[in-house]
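Heads up: the structure comes next, in structure tokens.
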Amino acid sequence: MSALYIMLTKNILYAAFALILTFIGVAGIYVFLGAEFIAVTQILVYVGGILILLVFGIMLTNRLSGKKVISSAYNKIMGFIVAGGLFAILLKGILEANFSALGWIDKSKFSDSSIPAFGLTLMTDYVLVFEIIGVLLLLALIGAVRIAGNVRKEGEDGV
Amino acid sequence: MAFDHLLFLGALLFCIGLFVVVTRKNAIMVLIGIELMLNAANINLIAFSSFDPNALQGQIFSLFIITVAAAEAAVGLSIVVKVYKYFQTADLDKINELKG
């Protein structure tokens, strides 16, 4: 998948575009799994929001002098050993786990799309978490604007 | 779609994200790697949730993960922009002082 390209490329902008491809692919997998609402949210939030933020961040933190935006990698061998080792451990765990022993997993009955049930569950059982996550998002966005924006003192113009 | 393949995909995405986070110097690339790792966690949650016929906790939890990831990306990028204004670089090895 295109995630490999993120690992291999040196240009940050190309990595951001490859990230878009990865997110869209993951959203397609969500649709296959019967989670349409999560897929739509994924596309909206990641492709519409986070990628725009990332591209603006790349734009603001690099001199637009025409040369390519290069981010060199370092410690490649150690990083590969760590990541590959973790992947091997996870692979062994997945292969040896006996998921059919879990009682609630019903492999025969594939859950179909359930947006009404999802909405009902979200608004009844998890409404407190929903509200808290909304307030958290608001606080984080206000904090982000406060951090990145210009600091303007009282009775004085912008610094 | 087989259950194991989804878990393999999640593990692969997580390890690619880990590799990107560990080996890159630029702060924005580190943020991209973190997003990949969060996506891997979401894939696992939805894979388990879709094989559970009568509960939806996995999907709801992954929705909250997406929200927190959005907040984290916004705050992280604003910090990166501010750090770039101060240090004139986004290279994590060259940012080596804390006193503002």
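Hey, any hits in segment A:146-157 for a residue that's modelled with pLDDT of 70 or more and of a type outside the set (Gly, Ala, Ser)? Yes, because at least one residue in segment A:146-157 is modelled with pLDDT of 70 or more and of a type outside the set (Gly, Ala, Ser).
Within segment B:60-82, residues that are within 24 Å of A:Glu36 (Cα to Cα) have Cβ atoms under 6 Å from residues that are not in a helix (DSSP H, G or I) in these pairs: B:Ile60/A:Tyr126, counting only partners at least 6 apart in sequence or on another chain. Say whether the condition of being small (Gly, Ala, Ser), exposed (fewer than 13 other Cβ atoms within 10 Å of the Cβ), modelled with pLDDT of 80 or more and not in a loop (DSSP other than H, G, I, E, B) is met by at least one residue in segment A:99-107. Taking every residue of segment A:99-107 in turn, none turns out to be small (Gly, Ala, Ser), exposed (fewer than 13 other Cβ atoms within 10 Å of the Cβ), modelled with pLDDT of 80 or more and not in a loop (DSSP other than H, G, I, E, B).
Once segment B:1-11 is narrowed to residues that are more than 7 Å from every other protein chain (Cβ to nearest Cβ) and part of a helix (DSSP H, G or I), the residue that is surrounded by the most Cβ atoms within 10 Å (Cβ to Cβ) is B:Gly10.
Within segment A:108-126, the set of residues being among the acidic types (Asp, Glu) and at pLDDT 80 or above comprises A:Asp125 only.
Could you say which residue among B:Leu6, B:Leu56, B:Leu18, B:Leu45 is closer than 16 Å to A:Ile29 by Cα and free of Cβ contacts under 8 Å to residues at least 40 places away in the same chain? Just a single option satisfies the conditions, and that option is B:Leu45.
Per-residue answers, yes or no, for (1) at the interface with chain B (Cβ under 7 Å from one of its Cβ atoms); (2) at pLDDT below 85; (3) outside any helix (DSSP H, G or I):
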site	(1), (2), (3)
A:Met78	no, yes, no
A:Phe87	yes, yes, no
A:Leu95	no, yes, no
A:Val129	yes, no, no
A:Ile132	no, no, no
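Limited to segment B:35-62, what total is found for residues that are of a type outside the set (D, E, K, R) and under 19 Å from A:Thr22 (Cβ atoms)? Qualifying residue count, segment B:35-62: 13.
The values are calculated or read from the model by the stated rules, or taken from the named source; none is laboratory data. Bear in mind the structure is a predicted one, so any value in this text is a computation, not a measurement. Quick reminder, even Gly has a Cβ in these numbers, built from the backbone with ideal geometry, and neighbours come from all protein chains shown.
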